[in-house]
Each structure stands twice: as C-alpha cells, then as structure tokens.
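Q: Mind looking over this structure? Questions follow.
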Amino acid sequence: MQRIANERVIVQLGLLIVAVALYASTFAQSFSASDLAQSPMFFPRIILTLWIGLSVIALVQAIRKDDRATPIASWTRIGIILVAALAYTNVIGSEGFFLPSVVFALICLPAFGIRNPLLVGLFAILVPGALLLLFNHTLGMPLPTSRFSYLF
C-alpha cells in the first residue's frame, strides 16, 4: 500500500485518467460521417493514444520502484523552464513556430544541463527546422508562420 500512496504513482494515475477522459471525449464530438481519417479528431486520438500508453508505462514503473521522494535539485531551473514554456506558448501564435522554438531550445537546453554550445545550437536550429519541413511541406499541415516571412 505504501508504494501506491506514493506521490509519483498519484501523479501518473492522474495523468492516465486525464488522457483517458480526453480520449473518451473525442467520441462525443459530432462531425460528418465521412472517412475516419478525415475527421478533425484523427490526430488528437493518435496523440492521446500515445499519451495513454506512456502513462501506463510510467505508472507501472512508479509502482514497481520503491523510491523515496528526493528533493528538487534547483527551483531556479524549474522557474526558468516554466517561464520559458509560458512565454513560448503565448508567442508561438503571433511569431510563428520556428523562431520561438529556437529561442525556447536555447533557453531550456542549458537549463537541463546541456552545456556544449555546438550541440545546443545544432539542436535548437535543426529540430524546429525538421519539424517545420515535416509539417508544412511533407504532411501539408501548416504550422504558424512568422510575421517576417511565410517560410518560417
């Protein structure tokens, strides 16, 4: 019983319940009876299925692991990441996907402990660039664009 009353287990169980509830709510949406792949709920269901799967895995790991709570290493890092994430989600609509993503990666990677400037720079540019190419040009699902250029 001690393992199940653990904070990690409760958080993972909460995340699993939220994911299942959101997945169930996608079936309550009424759209045309066209092909299921053309429904606006197609992509959210894929993401929610992955979320449910990862939540189950994390829940099993949290139950199996007999780990006492460890103190948080740095509240400053957590604050930096939370402020950066809040700013990122608010700016992405007006400034596009690419530029805010690069800035977000440049802030968060060092906060997570990655200090190699070459690695940080490459990751910050290549990952948002690859996602932009994938969504805008391959999948035809445009991401928000910058007010400076329609290309990014």
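Q: Out of all the residues in region 76-100, which are under 26 Å from Phe135 (Cα atoms) and among the β-branched types (Val, Ile, Thr)?
A: Result: Ile81, Thr89, Val91, Ile92.
Q: Ile63 is checked against (1) without any contact (Cβ under 8 Å) to a residue 60 or more places away in the chain; (2) surrounded by 15 or more Cβ atoms within 10 Å (Cβ to Cβ) and fails just one. What number does that condition carry?
A: That leaves (1) as the condition not met.
Q: A follow-up question, please. From Ser34, Ser101, which residue is farther than 21 Å from Val11 by Cβ and either surrounded by 11 or more Cβ atoms within 10 Å (Cβ to Cβ) or modelled with pLDDT of 90 or more (or both)? Quick ask: steps written out before the conclusion?
A: On the way: Ser34 fails: either surrounded by 11 or more Cβ atoms within 10 Å (Cβ to Cβ) or modelled with pLDDT of 90 or more (or both).
None of the others qualify; the one that does is Ser101.
Q: Of the numbered conditions (1) farther than 22 Å from Leu139 by Cβ; (2) at pLDDT 90 or above, Trp51 fails exactly one; give the number of that condition.
A: (1)
Q: Ok, one more. What are the residues in region 37-46 that are surrounded by 12 or more Cβ atoms within 10 Å (Cβ to Cβ) and modelled with pLDDT of 85 or more, if any? Break it down stepwise before answering.
A: Residues of region 37-46 surrounded by 12 or more Cβ atoms within 10 Å (Cβ to Cβ): 39, 41-45.
Matches in region 37-46: Arg45 only.
Q: Further, regarding this structure: Take Pro128 and tell me if it is within 26 Å of Arg77 (Cβ to Cβ), surrounded by 12 or more Cβ atoms within 10 Å (Cβ to Cβ), touching a Ser or Thr at 6+ places or on another chain (Cβ under 9 Å) and in contact (Cβ under 8 Å) with a residue 12 or more places away in the chain.
A: So Pro128 fits the description; yes.
Q: Would you point out the residue of region 54-74, among those that are within 12 Å of Glu7 (Cα to Cα) and hydrophobic (A, V, I, L, M, F, W, C), that is modelled with the lowest pLDDT?
A: Across region 54-74, the extreme among qualifying residues is Ala69.
The values are calculated or read from the model by the stated rules, or taken from the named source; none is laboratory data. Keep in mind the model is a prediction, meaning the values are calculated, not measured. With ideal geometry, Cβ positions are generated from the backbone for all residues, glycine too; neighbour counts draw on all protein chains shown.
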